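Read through the structure below, which is laid out as structure tokens, and then see the notes.
The values are calculated or read from the model by the stated rules, or taken from the named source; none is laboratory data. Here the structure is a predicted model, which is why all the values come from computation and not from measurement. Cβ: placed from backbone, ideal geometry, glycine included. Neighbour counts: every protein chain shown.
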């Protein structure tokens, strides 16, 4: 289980950039995210949606240990994580790819070595991770010959071999064609069955609808909605997540204008 | 964990080199004949007998009565001066004479040789015998290192090699750190189970192994090229001279060779670690280029600004690994001073290296605060 409690991240603001009218500026600081609470259970896929700059990726980076929170606590399997402590979660950044000079299985093997596997254990764990992600058919293929969907599966296998306590996926299907997106969704559903909690940041409303049980809608660094996807759709008088996000955004714009 | 990361980095470099290998080979094939021709044209002409005007010898005034100076014109001596010991030493230092015959405190005769290169000629000509013929006291031949300071190119060549190494380290660290960072690989590595310290150490070692390997390869190429010229170009003296210089330089370093080597390795490693940290922490590529340029280029000119004498007591230089390398190299190569101890320099360089690696580990942690886009 992964839990974020009261997570706030703020940066000092240069004097010339301070704007008292900006809701994210408090005194001398800019608040990237403010008091975010989030709990993801094993086997659950939790979606984070919101506009550009709403703090989605910041939350993910904090949970991955790539950015430190100004306040708040992260619990992994019920234990609080100290500053600078490795969280043991797997993070798939939106920017990043496989090492182009290593085959698919060598990419996975490298992360296995980082996780401390050696010898026969390393071979076995590599094969298991590749098999779990359906990558065994192209394990000796070089990354340049893989489709985007296949590459993403290998990247996930690379995370799985480290035995992550949770998976954090930042726009994993961004820029993928329809077929690739559908294949990737299948992979994620398969992954969720392995009881690993997953947080998925996505701009793709269809993907969120297909994969997520719960979602968090972030607006200007604060939680606007958190709960079941179905409730979110219903609360915004919509039939799809995409429509619900649009309606919610309009409501927020109206509130801001008033 | 560290080895796995180094393996990956070296594999990346090897793949890149393999891709660029045909280009290197083409350049080598095109350039070799050209270099060969250029080298042939610039080789020094075969030594021809020069009509030596003769040598000048100074003799301490109070030895005048002890020596019978007969028939010296026939031995190639142009002139003999008599003067006080201090004036003779000054004349030797200013290269106004070739040799000075003085007495030591214990009453020995001492022949001071101004231009040490000519010792062999001098002994071969049996001038010593001639000079000593009027006395029963044996003559001790000693080299008086006149004007050596500021005239020898060895420390400056060594310094140029060190700075070239630093520039190359800068290039490789950019390749292994900045590029990884820009592509997002480093971020994934930091999020992986690899510790910050292991990332820092592995990057540093990968940079050093690559640079070390490249320099060994370059050394072998230069050696083969020089040997080739010696074989086909009748320039064996070039090789012989080079070997001679090495032997002579090496002899001065016998006392603390290991400390000297460790000191230089630790110093260069510190510099490499500093460059890796620059690549890790500065966000703007242009500023990185500017910092590395301003860091590297002035190093070339350091020997012109700071006199070698400043390193005789190089305690202040131990503050900085870069300056320390220069101090060690210059002092060792120029003075060949057995009493010069490299141990303090080595210890300070090692401490600096450890401190820089620790700072590097923190700077890897600082990557966490990079903006996500």
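Observations on the structure shown:
- Entry remark, segment A:190-212: residues being touching a helix residue (DSSP H, G or I) at 6+ places or on another chain (Cβ under 9 Å) and either assigned by TED's automatic domain parsing to the domain that holds residue A:111 or modelled with pLDDT under 85 (or both) number 4 in total.
- For segment A:248-256, the count of residues that are over 29 Å from residue A:97 (Cβ atoms), in contact with a strand residue (DSSP E or B) (Cβ under 9 Å, 6 or more places away or on another chain) and surrounded by 19 or more Cβ atoms within 10 Å (Cβ to Cβ) is at least one.
- All of (1) under 30 Å from residue A:9 (Cβ atoms); (2) modelled with pLDDT of 80 or more; (3) in contact with a helix residue (DSSP H, G or I) (Cβ under 9 Å, 6 or more places away or on another chain) hold for residue B:286 with one exception: (3).
- Any hit, segment B:199-206, residues being more than 32 Å from the chain's Cα centre (by Cα), within 26 Å of residue B:262 (Cα to Cα) and in a helix (DSSP H, G or I): no
- Top-ranked residue in segment A:93-140 [being outside any helix (DSSP H, G or I) and more than 14 Å from chain B (Cβ to nearest Cβ); ranked as farthest from the chain's Cα centre (by Cα)]: A:140
- Cβ-Cβ under 6 Å pairs, at least 6 apart or on other chains, segment B:173-188 side within 9 Å of chain A (Cβ to nearest Cβ), far side surrounded by 19 or more Cβ atoms within 10 Å (Cβ to Cβ): B:184/A:93; B:187/A:93
- Residue identified as within 20 Å of residue A:98 (Cβ to Cβ), outside the structural domain of residue A:81 (by TED's automatic domain parsing) and not in a strand (DSSP E or B) among A:169, A:159: A:159
- Taking the criterion of being surrounded by fewer than 19 Cβ atoms within 10 Å (Cβ to Cβ) and in contact with a helix residue (DSSP H, G or I) (Cβ under 9 Å, 6 or more places away or on another chain), the residues of segment A:150-175 that qualify are A:163, A:175.
- Boolean, residue A:139 is surrounded by 19 or more Cβ atoms within 10 Å (Cβ to Cβ), touching a helix residue (DSSP H, G or I) at 6+ places or on another chain (Cβ under 8 Å) and free of Cβ contacts under 8 Å to residues at least 12 places away in the same chain: no
- Here residue A:47 clears all of (1) touching a helix residue (DSSP H, G or I) at 6+ places or on another chain (Cβ under 6 Å); (2) assigned to a strand (DSSP E or B); (3) within 14 Å of chain B (Cβ to nearest Cβ) except the condition numbered (3).
- Among the residues of segment A:18-44, those identified as within 14 Å of chain B (Cβ to nearest Cβ) and either closer than 21 Å to residue A:92 by Cβ or without any contact (Cβ under 8 Å) to a residue 12 or more places away in the chain (or both) are A:32, A:33.
- Residues located in segment A:74-92, provided they are within 7 Å of chain B (Cβ to nearest Cβ) and surrounded by fewer than 18 Cβ atoms within 10 Å (Cβ to Cβ): A:84, A:86
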